[in-house]
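Reviewing the structure listed below.
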Amino acid sequence: MNWTDLNLIPAMPEIVLLSALCAVLLVDLWLPDEKRGITACLASFAVLAAAVFQVALWPGESVETFSRMFVLDGLSYVGKLAVYALVLVLFILSPGYLKARQIYKGEFYTLTLFALLGMCVMMSANHFLTLYIGLEILSLSLYALIALRRDDVRASEAALKYFVLGALASGLLLYGISMIYGATGLLLLPDVLVLSQSQAVNPWLLKLGLVFVVVAVAFKLGAVPFHMWVPDVYHGSSTAVTALVGTVPKIAATVFAFRILVTGLGGLYADWVPMLNMLAAASLLVGNLAAVMQTNIKRMLAYSTVSHMGFVLLAFMGGIKGFEAALYYALTYALMALTGFGVLMLLSREGRECEEIADLAGLNQRHSWYAFLMLLVMFSMAGIPPLAGFYAKLSVIRALLGQGLVWQAVFAVVMSLIGAFYYLRVVKVMYMDDAEETAPLSMAVAGRVALSACALGLLLFGLMPRTLMDWCTYALDKVL
């Protein structure tokens with residue numbers, strides 16, 4: 001064995017995160033419920049420490065370790081920093097909401113850290129089995145988080161549905177990986193890419209494996225027709241858990257799709273592009289039409305997620321610029337969704353969830369600033385300039401037109417116009433309907449500041465989109 005295979009430096013953020021996670025687990029065992037804030041502080045410190053180590057490991061070039069199974073490159077660097085930042089914001093936003101529902105427990109923080117660890121492993125995976133291990137760490141953590149409210153039948157039902165369908169998707173992914181291994185005799189992504197391009201493989205077995213892998217990717221992104229779990233999980237979970245499930249894993253899933261489809265199976269580009277074409281078109285159509293009919297805002301945001309993931313899949317068809325647009329879209333969507341769920345947590349109180357669109361009625365009369373923040377989220381999701389969501393959609397459409405995919409670009413624009421209806425409906429309810437609630441809004445000062453910063457970030461990235469797009473360009477510069 002080459003000693004460079006034991007180089008721990010590229011994986012130091014994950015090692016720090018795992019060590020801190022073990023410490024949080026042990027400390028939380030001895031803490032009484034009234035001191036659960038110590039667990040929250042330690043969990044936040046763990047994320048911050050991992051982020052500091054990640055910043056210190058600025059990669060000039062890609063670095064492989066653990067027999068080339070783990071890679072530190074621009075893509076994993078940018079993706080990890082984004083998920084660290086978003087999880088830290090979630091920890092700041094959620095304590096008041098969790099306390100009001102008696103789920104302010106160590107399990108929320110430890111399971112979230114486990115999910116974060118799984119996402120980091122996924123984004124640095126250079127081997128099919130490393131990808132699978134990272135995915136399972138993430139998935140198992142999310143199953144448990146969704147079922148955290150054990151006395152809530154709806155949460156238990158959502159967790160069971162997600163577990164059963166997630167297990168099916170994991171099985172399909174493993175089956176696809178086994179076929180790819182049978183066709184190539186390899187599992188390292190760059191080696192599979194080289195061999196698949198040389199045509200020295202069994203093409204039918206390799207393509208059959210590709211089908212199963214694409215199905216698994218579509219499930220993790222929540223693309224139609226593998227989206228059945230999305231509305232039930234969003235609706236059944238507590239809003240704090242929904243804010244995690246519906247945001248940060250989308251970044252990891254986008255990087256996961258890039259690793260498999262481009263880094264590993266890029267030689268089959270002509271085969272997986274038509275599959276993504278169908279998945280994207282179905283996701284845009286079903287997601288937007290189903291969202292129009294929803295009165296529950298969490299289910300509406302669930303179906304809107306399906307349509308947004310359709311945009312991400314479309315971006316993969318746009319070549320190099322499309323890959324950059326996909327990463328930019330995933331980062332922007334995660335920020336939009338986290339801000340939106342943050343407002344819902346703010347509006348929820350003990351004994352009453354803010355779940356229906358009608359619950360936002362008259363928010364401008366109650367608190368005009370938070371109505372403005374939600375307006376920024378809805379306008380950004382609808383793709384209205386000058387917000388970040390507009391540039392995200394525009395970058396995808398530009399990439400499609402650059403590849404001559406005119407009909408796909410036109411279809412995406414039409415679906416965006418349909419989607420604008422249900423986002424603007426929320427704005428109408430906030431500003432034009434009379435307020436039915438008069439209860440004060442409760443959230444710590446740190447949470448209000450973080451929420452405001454996230455919403456204003458959507459405006460900043462919309463006015464200066466290159467600030468984020470340059471990071472996406474950097475992330476993929478050394479990978480492609």
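The values are calculated or read from the model by the stated rules, or taken from the named source; none is laboratory data. On a predicted model such as this, the values are computed, not experimentally measured, just so you know. Neighbour counts run over all protein chains shown; Cβ positions are idealised from the backbone, glycine included. We work out accessible area using only protein heavy atoms, side chains counted, and drop any ligands, DNA or RNA first. Shrake-Rupley method; radii C 1.70, N 1.55, O 1.52, S 1.80 Å.
Odds and ends about this structure:
- Taken over region 28-71, the criterion of being outside any helix (DSSP H, G or I), open to solvent by less than 60 Å² (accessible area, probe 1.4 Å) and over 26 Å from residue 189 (Cα atoms) is satisfied by 31, 32.
To keep it simple, each residue is scored yes or no on (1) closer than 19 Å to residue 292 by Cα; (2) surrounded by 15 or more Cβ atoms within 10 Å (Cβ to Cβ); (3) in contact with a strand residue (DSSP E or B) (Cβ under 9 Å, 6 or more places away or on another chain); (4) of a type in the set (Gly, Ala, Ser).
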residue: 357; (1), (2), (3), (4): yes, yes, yes, no
residue: 387; (1), (2), (3), (4): no, yes, no, no
residue: 396; (1), (2), (3), (4): no, yes, no, no
residue: 399; (1), (2), (3), (4): no, yes, no, yes
residue: 404; (1), (2), (3), (4): no, no, no, yes
residue: 415; (1), (2), (3), (4): yes, yes, no, no
residue: 427; (1), (2), (3), (4): yes, yes, no, no
residue: 435; (1), (2), (3), (4): no, no, no, yes
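- Filter result (open to solvent by 30 Å² or more (accessible area, probe 1.4 Å), at negative phi and not aliphatic (A, V, I, L, M)) within region 191-219: 191, 197, 198, 202, 203, 204, 207, 212
- Total residues in region 153-170 satisfying the condition of being more than 27 Å from residue 181 (Cβ to Cβ) and surrounded by 19 or more Cβ atoms within 10 Å (Cβ to Cβ): the figure is 4.
- Within region 218-247, tally of residues that are within 18 Å of residue 310 (Cβ to Cβ) and small (Gly, Ala, Ser): 4
- Residue check for residue 302: aliphatic (A, V, I, L, M) and under 23 Å from residue 213 (Cα atoms): no
- Test: residue in region 72-89 that is open to solvent by less than 50 Å² (accessible area, probe 1.4 Å), in contact (Cβ under 8 Å) with a residue 24 or more places away in the chain and touching a strand residue (DSSP E or B) at 6+ places or on another chain (Cβ under 7 Å): yes
- Residue check for residue 287: crowded, with 20+ Cβ neighbours inside 10 Å and more than 21 Å from the chain's Cα centre (by Cα): no
- With a requirement of 2 or more residues that are within 27 Å of residue 281 (Cβ to Cβ), the helices (runs of 4 or more DSSP H) lying completely within region 318-436 that satisfy it span 319-347, 368-382, 388-402, 406-432.
One line per residue, one yes/no per condition, for (1) assigned to a helix (DSSP H, G or I); (2) open to solvent by less than 10 Å² (accessible area, probe 1.4 Å); (3) in contact (Cβ under 8 Å) with a residue 60 or more places away in the chain:
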residue: 109; (1), (2), (3): yes, yes, yes
residue: 122; (1), (2), (3): yes, yes, yes
residue: 130; (1), (2), (3): yes, no, yes
residue: 142; (1), (2), (3): yes, yes, yes
residue: 151; (1), (2), (3): no, no, no
residue: 172; (1), (2), (3): yes, no, no
